[in-house]
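Undergrad: Supplied in structure tokens, the structure appears directly below.
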Amino acid sequence: MKRYWTIRLSLLLFFLSLSLYFIHYLIFSDAYYIIKHLIGDLAFLPIEVLLVTIILHRLLDEREKRIMLKKLNMVIGAFFSEVGNRLLKVFTEFDSHSQELVRKLIIDNNWSNKDFNNAGVYIKNHNYNIKIHCGNLEYLHVYLIEKRGFLLRLLENPNLLEHESFSELLWAVFHLTEELIVRQNLRQLSSADTEHLSNDMKRAYIFLITEWLQYMKHLSKDYPYLFSLAIRTNPYDPNATPEIK
């Protein structure tokens, strides 16, 4: 129906234009003037397409994308408040190489873009050595089941498709949740099963820590008051406290 209406509208406009040219010719009898201006208008048409269709539309699309990402950052903030910050602490317990990582991620108000970029390079190259026996797998199992409904509601948000890295994070965490749910006994895992769960956890942890650092960088730039609270609740800072002393 929409396509049919578009065709009808296009034909209507085309014949309206022809009618106006014909009326102009009947009144002034000047075909040369009509042809001259018609060719001039056609010559300008590619430039008009460039200005309107490409440049202007691209600027509008970029503006809409920035507005959308700003709204999505609110969703990301809710995720870290509800699930992410606690999950970072839990995942860290399973990483036997986490000591240096923790020291690198104690963020303060003096951090610049360079500090965030350096931290991003470090977490990308960090050797995540996930060992199932190093942490409380049963607690993680219970915690993820408790937050499963919240994760599902986030996955139902179609706007998250605009934020690919956060979508990947949600899928990785949700997949780990499902893997833990279907295990009958987490205390008696085969070596192959242990390795499989370790890889699933590692994937979710890398996505989570990367997204967390980007979110902290966003807060430091655009929302200093939220950044202040995020610093005081930093899951990697053992001395962090929400109370201001």
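The values are calculated or read from the model by the stated rules, or taken from the named source; none is laboratory data. Bear in mind the structure is a predicted one, so any value in this text is a computation, not a measurement. Don't worry about glycine lacking a Cβ; one is built from the backbone with ideal geometry, like all the others, and counts go over all protein chains shown.
Undergrad: Give me the pairs: first residue in the range 91-114 and touching a residue at least 12 places away in the same chain (Cβ under 8 Å), second residue basic (Lys, Arg), beta-carbon distance under 7 Å, and six or more apart or on different chains, which are they?
TA: Here the result reads 94/131; 96/131, each pair linking the range 91-114 to a residue that is basic (Lys, Arg).
Undergrad: Taking the range 188-237, which residues are hydroxyl-bearing (Ser, Thr, Tyr), buried (at least 16 other Cβ atoms within 10 Å of the Cβ) and not in a helix (DSSP H, G or I)?
TA: Correct list: 236 only.
Undergrad: Could you list, in sequence order, all residues of the range 105-155 that are basic (Lys, Arg) and closer than 18 Å to residue 207 by Cβ?
TA: Of everything in the range 105-155, those that are basic (Lys, Arg) and closer than 18 Å to residue 207 by Cβ turn out to be 124, 147, 148.
Undergrad: Given 177, 194, which one is under 19 Å from residue 130 (Cα atoms) and either touching a residue at least 60 places away in the same chain (Cβ under 8 Å) or touching a strand residue (DSSP E or B) at 6+ places or on another chain (Cβ under 9 Å) (or both)? It would help to see each step written out before you state the result.
TA: On the way: 177 fails: either touching a residue at least 60 places away in the same chain (Cβ under 8 Å) or touching a strand residue (DSSP E or B) at 6+ places or on another chain (Cβ under 9 Å) (or both).
The conditions single out 194.
Undergrad: In the range 197-240, how many are in contact with a Lys or Arg (Cβ under 7 Å, 6 or more places away or on another chain) and without any contact (Cβ under 8 Å) to a residue 24 or more places away in the chain?
TA: Residues in the range 197-240 being in contact with a Lys or Arg (Cβ under 7 Å, 6 or more places away or on another chain) and without any contact (Cβ under 8 Å) to a residue 24 or more places away in the chain: 1 in total.
Undergrad: While we're on this one: Surrounded by 10 or more Cβ atoms within 10 Å (Cβ to Cβ), touching a helix residue (DSSP H, G or I) at 6+ places or on another chain (Cβ under 7 Å) and at pLDDT below 70: which single residue out of 34, 107 fits that description?
TA: Values: 107 fails: at pLDDT below 70.
Exactly one residue qualifies, and that residue is 34.
Undergrad: Taking the stated definitions as given, is residue 200 closer than 14 Å to residue 128 by Cβ and acidic (Asp, Glu)? Break it down into steps so the answer makes sense when it comes.
TA: Details: closer than 14 Å to residue 128 by Cβ: yes; acidic (Asp, Glu): yes.
Here the answer is yes, as residue 200 does meet what is asked.
Undergrad: Identify, by number, the condition in (1) touching a residue at least 60 places away in the same chain (Cβ under 8 Å); (2) surrounded by 14 or more Cβ atoms within 10 Å (Cβ to Cβ) that residue 183 doesn't meet.
TA: (1)
Undergrad: Oh, and also: Filter the range 115-139 down to the residues that are in contact (Cβ under 8 Å) with a residue 24 or more places away in the chain and within 28 Å of residue 219 (Cα to Cα), then identify the one that is surrounded by the fewest Cβ atoms within 10 Å (Cβ to Cβ).
TA: Looking at the filtered set, the residue picked out is 127.
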